[in-house]
1. Is it the case, given these coordinates, that ASN234 is in contact (Cβ under 8 Å) with a residue 24 or more places away in the chain, surrounded by fewer than 18 Cβ atoms within 10 Å (Cβ to Cβ) and more than 18 Å from ALA277 (Cβ to Cβ)?
2. Can you tell me which residue is surrounded by the fewest Cβ atoms within 10 Å (Cβ to Cβ) among those in the range 250-265 that are modelled with pLDDT of 90 or more and either farther than 30 Å from VAL136 by Cβ or outside the structural domain of SER137 (by the TED database) (or both)?
3. When the range 238-254 is examined, which residues are found to be touching a strand residue (DSSP E or B) at 6+ places or on another chain (Cβ under 8 Å) and not aromatic (Phe, Trp, Tyr)?
4. Considering each residue of the range 8-25, count those that are assigned to a helix (DSSP H, G or I) and under 12 Å from LEU72 (Cα atoms), and give that number.
5. Quick check on ILE284: is it β-branched (Val, Ile, Thr), free of Cβ contacts under 8 Å to residues at least 24 places away in the same chain and outside any loop (DSSP other than H, G, I, E, B)?
6. Considering each of SER16, SER123, SER110, SER114 in turn, give the residue that is outside the structural domain of SER165 (by the TED database) and on the phi < 0 side of the Ramachandran plot.
7. Considering every residue within the range 266-283, establish whether at least one is modelled with pLDDT of 95 or more and within 19 Å of the chain's Cα centre (by Cα).
8. So GLY60 passes all but one of these: (1) in the same structural domain as VAL207 (by the TED database); (2) at positive phi. Which condition number does it fail?
Amino acid sequence: MTSRVEELKNNPKLKSFIKKYKLDDKTLEDSYLVIKRFIEQFIKCNKPGPLEECKQLIKGIQLKLEYKNKQLYTVSENCVHWKYENTDYKIKENILFTEYDKFKITKKISDYVSLNPEEYNPSINIFITAVQKIFVSDKSNVKGIYLYGEPGVGKTYMMKLIANSFANNDQKVVVVTMNRLIKVVKETFNNYINNDYNKFLDLCTNVDVLILDDIGSEPVTEWSRDELLFGLLNTRLENNKLTFFTSNLSLDDLKKYYTSTKNSSNNLTQKIKSTRAKRIVERIKGLCDDILVVGKNQRS
């Protein structure tokens, strides 16, 4: 062991890092210059506070040592002072796709509860209680919520709060309307250069939390029902992926809606259509508990 490797191994800034990755002497020797530069430039921000208290050369940016593919290198990351002044950064970072402006709507379920300590709408109380149980439960075996009711009663708004809440807890989230999902996938049918179809569908299939907004408002075809939607829901159900829905329709009405399709094949009997619609609803029931929300139309 060389003296400079010994120097690195005894450095208090490195001891836990070396132990974590089980770095041997050769790795330390080969990366000596990288590690030495890190030691000389590293300043740790320990206590959260205003950015003006940050001691970094570039306020808010802290150096970090990384080890990947048997290589040591340095990267930049935001320090605790930056995070202190950017409290909603997790929302912007973890909501991977949405159609609303996530920079404008940053409230979470906890904010709603604190701002509305005496919620007079019983159905909203039922919904909030169910959501709070989800947050304290084992995420590997928990159902989402199918939130339905008349237009304008606040279903989508409540789901935005859910999205922000999960994102704030370091869960990756996608919020997409059924119309938008179908449109994105259709637009990429003839795109042979990049694989946007698979990328977006894979994202919706595998993301930690998927919120399908306004299901039952989209034009229904055999393809959108039997291939796109069924495949998506079935895979998420099999993999215990947390899924939420909003709809103007109850599950019974949704089944009726999905029984009628545009451009239906003539050889599909009504019984077959009903069976395929039933499969969709059964997957939703496997993924979610349904909650009816009632109230005044907030848009009028």
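The values are calculated or read from the model by the stated rules, or taken from the named source; none is laboratory data. What you see is a predicted model; the values in this text were computed from it and never measured. Cβ sites come from the backbone with ideal geometry, for glycine too, and all protein chains shown count toward neighbours.
1. Spelling it out, it is not the case that ASN234 is in contact (Cβ under 8 Å) with a residue 24 or more places away in the chain, surrounded by fewer than 18 Cβ atoms within 10 Å (Cβ to Cβ) and more than 18 Å from ALA277 (Cβ to Cβ).
2. Across the range 250-265, the extreme among qualifying residues is ASP252.
3. Within the range 238-254, LYS241, LEU242, THR243, THR246, SER247, ASN248, LEU249, SER250, LEU251, LEU254 meet the criteria.
4. 3
5. On the way: β-branched (Val, Ile, Thr): yes; free of Cβ contacts under 8 Å to residues at least 24 places away in the same chain: no; outside any loop (DSSP other than H, G, I, E, B): yes.
Answer is no for this residue.
6. On the way: SER123 fails: outside the structural domain of SER165 (by the TED database); SER110 fails: outside the structural domain of SER165 (by the TED database); SER114 fails: outside the structural domain of SER165 (by the TED database).
Only one candidate passes the filter, namely SER16.
7. The answer is no; no qualifying residue exists.
8. (1)
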